[in-house]
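The values are calculated or read from the model by the stated rules, or taken from the named source; none is laboratory data. Only a predicted model underlies this, so the values are computations on that prediction, with no experimental measurement involved. For neighbour counting, all protein chains shown are included, and Cβ atoms are generated from backbone atoms with ideal geometry for every residue, glycine included. These area figures cover heavy atoms from the full protein model, side chains too; ligands, DNA and RNA do not enter into them. Shrake-Rupley method; radii C 1.70, N 1.55, O 1.52, S 1.80 Å.
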Amino acid sequence: MKILIADDDGMSRRLLAKTLEREGYEVISVGNGRLALQQLSLPDGPRLALIDWMMPEMDGLGVCLEIRKHHERPYVHIILLTSRGSKQDVVAGLEAGADDYLTKPWDPGELTARLRVGQRILQLEDRLVEARDSMRFKATHDHLTSLFNRGIILDLLSRELSRTRREEGCTVVMLGDLDHFKGVNDTYGHLVGDEVLREVSRRLLASVRSYDFVGRYGGEEFLIILNNCAASKAIVRAEEVRNAIAKHAVQTIRGPLPITMSLGIFASRDWDLCLVEDILREVDLALYAAKAEGRNRVRLAKPTALSAGPNQQVE
């Protein structure tokens with residue numbers, strides 16, 4: 001594990017480094033607080049730090065205060081090295097953000113023991129962060145496909161449309177539905193159906209830009225939001241998505257299966273609709289038209305589209 005030593009006394013720094021290297025640490029040594037802060041601010045910087053209280057350019061308390069301002073970074077366990085032993089000094093160091101302190105001259109056994117405590121704390125911190133991120137992911141993503149779930153993709157659509165109106169831009173919305181998917185489940189079983197949904201999801205993500213959004217709208221329906229996409233490019237982009245699904249059969253445990261998708265598309269610049277519900281209705285009508293005209297095709301929502309929904313279900 002990487003550990004930072006910050007001490008302006010070269011002899012003390014070398015002695016600490018040798019002690020810690022014998023314990024298996026990867027040691028980074030600096031001679032002042034400014035360099036210590038630089039090292040701890042790096043993306044792959046040390047997570048353990050031994051910081052001397054009294055240093056030039058920036059003292060140990062200053063380093064602690066600066067590090068604790070950045071909550072988004074991985075946590076750094078800081079042990080403050082000090083010759084000050086009064087309770088007031090200890091309290092000042094802990095309140096500045098130090099996790100522990102060690103009084104000079106330090107004892108090698110006590111030093112390594114306190115560092116092991118720091119490592120255990122960091123491991124616990126990492127497990128808590130991992131658990132939090134896992135819970136957040138489960139709350140926002142579909143468990144089968146790992147795409148955004150219905151609630152999140154609709155929220156993203158609402159936010160994106162609001163941004164587009166403010167900036168007078170254009171958002172393209174696609175609603176895609178797998179053709180004859182019920183037949184896949186009925187013929188090959190739901191495990192194969194799940195394989196198809198996962199592979200289709202992977203292809204959808206690969207066919208859009210990193211800042212576009214893809215969500216599982218429900219069953220075999222997928223909602224795709226293209227940010228800052230010109231209306232003139234809507235059909236071209238939708239054809240690219242459709243072709244990404246249809247071009248190659250999906251490999252499953254029952255062999256390769258040809259899968260196609262029909263898409264309804266909507267370009268926000270062409271409409272004066274404010275409600276997400278209205279937009280979804282129109283893009284759903286366009287999807288229905290693509291299904292009715294033979295499937296495996298793209299249809300653009302038109303301002304003259306009927307306001308009434310279709311009378312029958314088309315797979």
Sort out which residues of the range 180-223 are under 28 Å from the mean Cα position of the chain (by Cα), open to solvent by less than 10 Å² (accessible area, probe 1.4 Å) and hydrophobic (A, V, I, L, M, F, W, C), and write them in order of number. VAL196, LEU197, VAL200, LEU204, VAL214, PHE222, LEU223
Read through the list (1) exposed (fewer than 13 other Cβ atoms within 10 Å of the Cβ); (2) under 23 Å from MET1 (Cα atoms); (3) small (Gly, Ala, Ser), then give the number of the only condition that GLY151 fails. (2)
Within the range 137-148, restricting attention to residues that are assigned to a helix (DSSP H, G or I) and not small (Gly, Ala, Ser), which residue is least open to solvent (accessible area, probe 1.4 Å)? THR140
Within the range 224-281, track down each residue that is charged (D, E, K, R), open to solvent by less than 80 Å² (accessible area, probe 1.4 Å) and touching a Cys at 6+ places or on another chain (Cβ under 7 Å). ARG237
Looking only at the range 24-35, decide whether some residue is over 35 Å from the mean Cα position of the chain (by Cα) and either open to solvent by 60 Å² or more (accessible area, probe 1.4 Å) or among the small types (Gly, Ala, Ser) (or both). yes
Kindly establish whether LEU157 is under 20 Å from GLY176 (Cβ atoms) and either in a helix (DSSP H, G or I) or open to solvent by 50 Å² or more (accessible area, probe 1.4 Å) (or both). yes
What number of residues in the range 6-23 are in contact with a Leu (Cβ under 8 Å, 6 or more places away or on another chain) and open to solvent by 40 Å² or more (accessible area, probe 1.4 Å)? 1
Checking the structure you have, find out if any residue of the range 57-77 is open to solvent by 50 Å² or more (accessible area, probe 1.4 Å) and farther than 29 Å from VAL129 by Cβ. yes
Name the pairs: first residue in the range 49-67 and over 14 Å from GLY10 (Cα atoms), second residue part of a helix (DSSP H, G or I) and among the charged types (D, E, K, R), Cβ to Cβ under 7 Å, at least 6 apart or on different chains? GLU57/ARG34; MET58/ARG34
Among (1) open to solvent by 70 Å² or more (accessible area, probe 1.4 Å); (2) over 24 Å from GLY193 (Cα atoms), there is one condition LEU111 misses while meeting the rest; what is its number? (1)
Does the range 169-179 hold any residues that are under 28 Å from the mean Cα position of the chain (by Cα) and over 19 Å from ARG281 (Cβ atoms), and which are they? GLY169, CYS170, LEU178
